[in-house]
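Here the structure is laid out as structure tokens; the discussion comes afterwards.
The values are calculated or read from the model by the stated rules, or taken from the named source; none is laboratory data. Source: prediction; values computed, not measured. Cβ placement follows ideal geometry from the backbone for every residue including glycine, while neighbour counts extend to all protein chains displayed.
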Amino acid sequence: MPSPTVRMWLDGAWQVVRAGADLVVPLLCGGCGRAGARWCRSCDDVAHDDPIVLTPRVAPPVGAWALGRYRGPLRSAILELKEHGRRDLVTPLGSGLARGLVTLAAWSELPDATELVLVPAPTRAWSARRRGGDPVTAIAAEAASRLGSRVRVAPMLRTSMWARDSAGLSARGRVDNLDHAIAVRPRARRSIASTHARAAVVLVDDVLTTGATASESIRVLAGIGVRVDAVLVIAGA
Ligand SMILES: [Zn+2]
């Protein structure tokens, strides 16, 4: 009997669990700043819109997609989460990421597979500690939790200590800066060993700007025999 396609089982596993309005305490929406909810329905619609294709300057060798552009609710949510510790925004962003994966599978942008592995793009260890844990891994885990047991997160990558902050660098400078600056985590090989031969692999990140981080991540993963099938980020610049 043929195994179900990734489209079939992702669609079956998908549960629309949207962030509910908090009716107890007046709160500001992490996407638009309106009072009354941590995350309003209007911003939730933006996060659950169809993915858009990205064409970054440093083009990855696979399709690169985003839930939307880096502006409005998605930009605000990422900044609120990363800079102001709004960990509650992991839930709607993870939900949006899950929806994006289902859509890409429905569009046949993901290969038929018996398992889907989400690899978070690397975050500097010190910044992850400062911000209370890597937000990209948290968003990926939230997405995986909504998509069933055949979707898992494998944090295989880390940045090397000499990776400088890329803010302010040109696209070329970012490529140079990242050269050899992304490394495989020590335990990644164990994770790879347990990865099914027919797993689909998606690299996930919060923002894709030049494409340098994604391209280098894909190159490093290829070096250990992990073939990335697509890139999906929350917001594309
Ligand atoms: Zn809003």
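Of the residues in the range 39-61, how many are more than 9 Å from the ligand (Cβ to nearest atom), assigned to a loop (DSSP other than H, G, I, E, B) and either more than 29 Å from S217 (Cα to Cα) or in contact with a strand residue (DSSP E or B) (Cβ under 7 Å, 6 or more places away or on another chain) (or both)?
So the answer is 5.
Return the pairs, sorted by first residue and then second, in which the second residue is within 16 Å of the ligand (Cβ to nearest atom) and part of a loop (DSSP other than H, G, I, E, B), the first residue lies in the range 39-63 and is closer than 15 Å to V204 by Cα and among the aromatic types (F, W, Y), the beta carbons are less than 8 Å apart, and the residues are 6+ apart or on different chains.
Sorted first by the residue in the range 39-63, then by its partner, the list stays empty.
Quickly run through the range 220-237 and pick out the residues that are of a type outside the set (A, V, I, L, M, F, W, C) and at pLDDT 95 or above.
Once the filter is applied, which keeps residues that are of a type outside the set (A, V, I, L, M, F, W, C) and at pLDDT 95 or above, the range 220-237 yields D229, G236.
Quick one: is A66 surrounded by 15 or more Cβ atoms within 10 Å (Cβ to Cβ), within 21 Å of V231 (Cβ to Cβ) and within 13 Å of the ligand (Cβ to nearest atom)?
no
Just one of A37, A113, A106 is of a type in the set (A, V, I, L, M, F, W, C), farther than 26 Å from P155 by Cβ and at pLDDT below 95; which is it?
Going through A37, A113, A106 in turn, the sole match is A37.
Being out of contact with any Ser or Thr (no Cβ under 6 Å at 6 or more places or on another chain) and either at pLDDT 70 or above or buried (at least 17 other Cβ atoms within 10 Å of the Cβ) (or both) is the filter here; which residues of the range 118-130 pass it?
L118, V119, T123, A128
Being in contact (Cβ under 8 Å) with a residue 40 or more places away in the chain, assigned to a helix (DSSP H, G or I) and touching a strand residue (DSSP E or B) at 6+ places or on another chain (Cβ under 6 Å) is the requirement here; does A141 meet it?
So A141 passes the test.
Taking the range 68-102, which residues are at pLDDT 95 or above and in a loop (DSSP other than H, G, I, E, B)?
The answer is Y70, R71.
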